[in-house]
Amino acid sequence: MNKLHERAAPNSAVQSFPKPTFRDATKDDGDAMAQLINFAGEGLPAYLWQDMIEGNETVWDVGRRRAQRDEGGFSYRNTTLACIGDEVVGSLVGYAQPNTPEPFDPADVPAMFVPMIELENLAPGSWYINVLAVFPEFRNRGVGSELIARAERNARQAGKLTVSIIASDGNPGAVRLYQRHGYTQIASRRIVKDDWKNPGENWVLLIKEI
């Protein structure tokens with residue numbers, strides 16, 4: 001569920017924009033994190049959050065609550081934010097995958113998650129980019145490329161030799177961006193959509209040795 005809408009911009013255009021700075025996310029960044037993961041997932045997170053609503057919550061309340069958790073993949077603890085000035089413009093969520101995948105029974109997991117878990121398990125021990133997203137008004141400025149570089153730096157600091165990411169073939173621009181940065185598609189699985197609307201047909205796993 002890692003998709004980024006960004007295309008390469010001319011060098012002169014990239015240089016005309018201020019460079020982003022980076023910082024670790026805090027619990028106070030839950031709103032921005034929820035919006036960015038939903039952009040990255042092309043609406044899939046908000047679709048899933050509908051079933052997690054408690055009381056008078058909205059889907060965004062659920063997203064904020066999940067971002068503020070101390071544990072779990074989508075947590076502020078695993079998140080780096082790209083900022084221009086004081087404004088959050090992009091988000092990177094990444095963490096190390098276990099060296100030995102935990103066995104799972106597809107019958108015990110919601111069908112939508114099975115293909116992604118299968119792909120994640122094909123990249124044991126890698127640094128996994130769970131979310132890489134940029135707000136629409138800040139795309140095409142090189143922020144996505146900066147976030148990819150940041151992910152690879154985090155992976156090296158963690159002693160990892162590979163970085164992995166899963167994207168939808170319904171977002172070919174994102175796949176091309178990762179490929180330009182040296183990522184190679186090694187496997188794919190059919191997307192299970194239920195009632196989620198998305199043009200993609202397959203999740204694809206891309207890996208880069210660093």
Taking a crude spin-label model, label points 7 Å out from Cα along the C-beta direction, the Arg23 to Glu137 distance in nm is 1.9
Computed over the range 62-210, the Cα gyration tensor eigenvalues, each multiplied by 5 and square-rooted, give semi-axes in Å (largest first) of 23, 18, 18
FRET efficiency (Arg65, Met112; Cβ distance; R0 25 Å; to 0.05) is 0.75
Asp105 and Ser188 label points (each 7 Å along its Cα→Cβ direction) are spaced in nm at 3.2
Given all pairs of distinct Cα atoms, the range 40-108 yields a Kirkwood Rh in Å of 14.4
At the level of C-alpha centres, the distance separating the range 75-106 and the range 128-153, in angstrom, is 12
Once Ile84 and Glu201 are pulled to full extension, the length gained, defined as 0.36 nm per residue separation minus their Cα-Cα distance, is 38.6 nm
In whole Hz, the Karplus estimates of ³J(HN,Hα) for the range 73-86 (6.51, -1.76, 1.60; θ = phi - 60°; x where Gly or Pro) are x, 7, 9, 4, 5, 9, 10, 10, 10, 9, 10, 10, x, 9
Exposed GluC sites (Glu not before Pro) being those in a DSSP loop with at most 15 other Cβ atoms within 10 Å, the longest stretch of the chain free of them is 72-200
Note, the range 203-210: 3J(HN,Hα) by Karplus (6.51, -1.76, 1.60, θ = phi - 60°), whole Hz, Gly/Pro = x, goes 7, 10, 9, 10, 9, 10, 7, 10
Excluding ligands, DNA and RNA, the carbon-plus-sulfur percentage of the accessible area of the range 130-210 with a 1.4 Å probe reads 45
In order over the range 90-105: 3J(HN,Hα) from phi, Karplus 6.51/-1.76/1.60, θ = phi - 60°, whole Hz, x for each Gly or Pro, gives x, 9, 10, 10, x, 6, 7, 7, x, 5, 10, x, 6, x, 9, 9
Expressed as a whole-number percentage, the relative contact order of the chain with C-alpha contacts under 8 angstrom and at least six residues apart is 26
Expressed per residue, the solvent accessible area of the chain in Å² (1.4 Å probe) is about 49
Contour minus Cα-Cα span, Gln50 to Asp31, at 0.36 nm per residue, comes to 5.2 nm
Partner aspartates and glutamates whose C-alpha sits under 12 Å from that of Lys160, ignoring same-chain residues fewer than 8 away, are Glu152, Glu209
Over the chain, the sum of -39500 (n - 2.57) across DSSP H runs of at least four, divided by residue number and rounded to 500 deg cm²/dmol, gives at 222 nm -8500 deg cm²/dmol
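The values are calculated or read from the model by the stated rules, or taken from the named source; none is laboratory data. What you see is a predicted model; the values in this text were computed from it and never measured. In this analysis, Cβ positions are derived from the backbone assuming ideal geometry, glycine residues included, and neighbour counts consider all displayed protein chains. Just so you know, the surface numbers come from the protein's heavy atoms only, side chains and all, with ligands and any DNA or RNA stripped out. Shrake-Rupley method; radii C 1.70, N 1.55, O 1.52, S 1.80 Å.
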